[in-house]
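To keep things clear, I will list the structure first and then write my remarks on it.
The values are calculated or read from the model by the stated rules, or taken from the named source; none is laboratory data. Note that this is a predicted model, so its numbers are computed, not measured. Ideal geometry is used to build each Cβ from the backbone, glycine not excepted, and the neighbour counts take in all protein chains shown. Note: accessible area is taken over every heavy atom of the protein model, side chains too, but ligands, DNA and RNA are not part of it. Shrake-Rupley method; radii C 1.70, N 1.55, O 1.52, S 1.80 Å.
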Amino acid sequence: MEDECSVPPSLALPMLLLLLLLDGVRALSTTANKTTSKVPAVVVFGDSIVDPGNNNVLPTFARCNFPPYGKDFPGGKATGRFSNGRNPSDILASQLGVKEYVPAYLGTHLDAQELLTGISFASGGCGYDPLTSQLLIAVSLRHQLNLFKEYKEKLKRVAGEGRAADIIANSFYAVVTGTNDIATTYFLLPFRREEFDIPSYIAFLVRSASSFLQELYHSGARRIAIMGAPPIGCMPSQRTLAGGIERECVTLYNEAAMMFNSQLSKEVQRLNSPLLGSKIVYIDIYTPLLDMILRPFAYGFKESTRGCCGTGYYEVIITCNSITATTCANASEYVFWDSFHPTERAAEILITQILQRYGPSLLD
C-alpha cells in the first residue's frame with residue numbers, strides 16, 4: 001500500500017525545483033540583509049576633495065567640469081569631481097552600502113531617492129577660515145550649513161517629518177576641509193601671515209572647526225566623521241612651490257598640518273562630552289596617506305611625487321586640461337591625479353583603511 005505522505009513521481013521533480021527556488025530566495029534575502037547599510041544617508045561638507053560638482057555653478061577658477069577630469073568616471077564624464085573618477089565621498093557611500101555616488105546639491109535635479117540617501121554640499125576652495133572661501137570663490141561652511149537646513153525642509157516634504165527626522169539623526173556626516181587654509185590662505189598668500197603666526201592661526205582654525213561641528217550637531221547631526229589635514233608638504237604642488245630643486249616634502253607645511261591635527265583631535269574628544277548622544281570621530285588621514293607617499297610600491301603605485309595630469313608638478317583645475325596637458329597612461333599607478341588631489345584608487349585605499357579603523361566607533 002502506498003504511503004499517504006509520499007509524493008507521486010509526476011510531482012516529485014516540480015516540488016524539488018520549488019524547494020530549490022525557495023532556498024535561493026532565502027539565500028538572496030540573507031545576503032541582502034547582510035549588505036543593508038547601517039546608515040540611511042551620507043551627507044558631506046567640505047572642499048574639493050569631496051566636491052562632486054557644486055562648483056560647476058559658481059564663477060570660480062576652482063572647478064573641473066572638463067576633460068581630462070573624470071576620464072575614468074563611468075562614461076568618461078567630467079562631472080566636476082576633482083579626480084580621474086570617483087571621489088572619496090562616493091567611495092565612502094558605496095562601501096557603506098548607501099549608494100554609488102553622492103550627488104552635488106547645487107545645479108542638479110535631485111529626485112526623491114537622492115534626497116533620501118544623502119547629498120554633498122562640499123565646494124572646492126572651502127576652508128574653516130572664512131577668508132579662504134572668499135579668496136577662492138567657494139561655498140563657505142556657513143553657507144553649506146544653510147544649504148543643509150534647506151535640504152532638511154525638502155527631505156520633510158519627500159519623506160514626512162518623522163522619517164526625515166530619523167534620516168537626519170542616523171545619517172553618516174563627513175567633514176573634509178582645512179588643507180586650503182594652511183596651503184593657500186596661510187603659506188601661499190600673505191594676508192593671514194601678517195595677522196597670525198603658525199600656532200595662533202592653527203588655534204583659529206580649530207576654533208572655527210569646533211564652532212562648525214557644534215552648529216552641525218544642533219542642526220540634527222549625530223554621527224560625524226571629521227577628517228584631519230593630509231601631509232600638505234608632500235603634495236606635488238607644495239613640493240614644486242617650496243620643496244627646492246629636489247622637490248622634497250616641505251617640513252614646515254607638514255609640521256603645521258600635524259599641529260592642526262593634534263589640536264583638532266583633542267577638541268573633538270572634548271566636544272563628545274557636552275554634545276549628548278553624539279559620535280564625533282576625528283579621522284587621521286595624515287598617517288596612512290604619508291605612508292602611501294613614502295612607500296608607494298607597497299600599495300602597487302609607481303609614482304607618488306607628482307600627479308598623473310601634465311607634468312604632475314603644478315597642474316590642477318584649469319591648468320589640468322585636455323588642450324595643454326596630457327595624462328599618464330594609467331592613473332591607478334599614481335597616488336595623485338593632479339598636483340593636489342588623490343586618484344580614485346588612492347582614495348579607495350584610504351577609505352577602506354578609514355572604515356576598518358574607525359567604522360566600529362561611528363557605526364555601532
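Tabulated results
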read-out: Translational diffusion of the range 224-269, µm² s⁻¹ [Kirkwood Rh, Cα pairs; Stokes-Einstein; 25 °C; 0.890 mPa s]; value: 219 µm²/s
read-out: Förster radius 35 Å - calculated FRET efficiency between E303 and I198, Cβ distance, rounded to 0.05; value: 0.70
read-out: Within straight-line cross-link reach of K279, lysines at Cα separation under 29 Å, skipping those fewer than 8 residues along the same chain; value: K34, K38, K99, K149, K152, K154, K156, K266
read-out: Size of electric dipole in the range 71-218: Cβ of Lys, Arg +1 and of Asp, Glu -1, about Cα centre, debye, nearest 20; value: 260 debye
read-out: Selected from D72, D51, D129 as most flexible by GNM, with the chain as the system and alpha-carbon contacts under 10 Å; value: D72
read-out: Rg to Rh quotient for the range 301-349, alpha carbon positions, Kirkwood Rh; value: 0.94
read-out: Computed lengthening from T326 to T251, 0.36 nm per intervening residue step minus Cα-Cα distance; value: 24.0 nm
read-out: Beta bridge orientation in the chain: antiparallel %, DSSP, nearest 5; value: 10 percent
read-out: Fraction of accessible area attributable to carbon and sulfur, the range 180-275 (%, probe 1.4 Å); value: 54 percent
read-out: N272/K38 FRET efficiency (R0 22 Å; Cβ-Cβ; nearest 0.05); value: 0.65
read-out: Relative contact order computed over the range 218-364 (Cα-Cα under 8 Å; 6+ residues apart), in percent; value: 25 percent
read-out: Most mobile listed residue (S48, S332, S83) in the chain, GNM with C-alpha springs under 10 Å; value: S332
read-out: Heavy-atom surface of the chain, accessible at 1.4 Å and reported per residue (Å²); value: 45 Å²
read-out: Whole-number percent relative contact order across the chain, with pairs defined as alpha carbons under 8 Å at least 6 apart; value: 16 percent
read-out: Cα lying deepest toward the dipole's positive end in the range 126-270, options F172, V250, S210, charges on Cβ; value: F172
read-out: Length released on extending from N170 to T319, taking residue separation times 0.36 nm less the Cα-Cα span; value: 49.6 nm
read-out: Efficiency of FRET between H109 and R142 - r from beta-carbon atoms, R0 25 angstrom, step 0.05; value: 0.45
read-out: Within the accessible area of the range 112-157 (1.4 Å probe), percent carbon and sulfur; value: 53 percent
read-out: Extent along principal axes [Cα atoms of the chain; Å; largest to smallest]; value: 101, 49, 35
read-out: Prolate/oblate/rounded call for the range 272-364, Cα gyration tensor, a/c under 1.5 rounded; value: prolate
read-out: Accessible carbon and sulfur surface of the range 317-363 relative to its total accessible area, %, 1.4 Å; value: 55 percent
